[in-house]
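Novice: Pasting in a structure now, in structure tokens, and then I'll have a few things to ask.
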Amino acid sequence: MKLTDYLHKNRIRANAFAKVAQVTPAAVCSWINHGKMPRKIETLRRVAAATNGQVTANDWVDASADNSRWVVLGKEE
């Protein structure tokens, strides 16, 4: 599930979610408004925990696959 869908479904504001996930409100807004994804695995884990596993690392990859370039082993593709 995309984070945007999770927040909407559960009627959670970005600021409130940021506190629960221990991230900045700006980070959450970047994820939901600009299609960005967390860069650190620990942040992905905190988001998964804050959503009770409804938003996982796989959801971020699926969501960003259409609109970003991938970096594999330090080389852009």
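Every read-out reported here was derived from the displayed coordinates using simple, explicitly stated rules and does not represent laboratory data. What you see is a predicted model; the values in this text were computed from it and never measured. Neighbour counts are summed over all protein chains in view; Cβ atoms, including those assigned to glycine, are modelled from backbone coordinates with ideal geometry.
Novice: Rounded to the nearest 20 Debye, what is the dipole magnitude of the stretch 3-64 about its Cα centre when Lys and Arg each give +1 and Asp and Glu each give -1 at the C-beta? The partial results should precede the final answer.
Specialist: Numbers: 9 positive and 4 negative charges, 48 e Å.
Charge dipole of the stretch 3-64: 240 debye, to the nearest 20.
Novice: Let me ask something else. Order these by the 10 Å Cβ neighbour count, fewest first: Val23, Val61, Val55. Display every interim value, and only then the final one.
Specialist: Details: Val23 19, Val61 12, Val55 24.
Taking fewest neighbouring Cβ atoms as first place, the list is Val61, Val23, Val55.
Novice: Let me ask something else about it. Per-residue counts of other Cβ atoms within 10 Å, averaged by peptide: what ranking do you get for 43-54, 9-20, highest first?
Specialist: Working: 43-54: 16.4, 9-20: 13.4.
Ranked from most to least packed, the peptides come out as 43-54, 9-20.
Novice: A follow-up question, please. Karplus couplings for the stretch 24-35 from phi (6.51 cos²θ - 1.76 cosθ + 1.60, θ = phi - 60°), rounded to Hz, Gly and Pro as x?
Specialist: 7, x, 5, 5, 4, 4, 5, 5, 8, 9, 10, x
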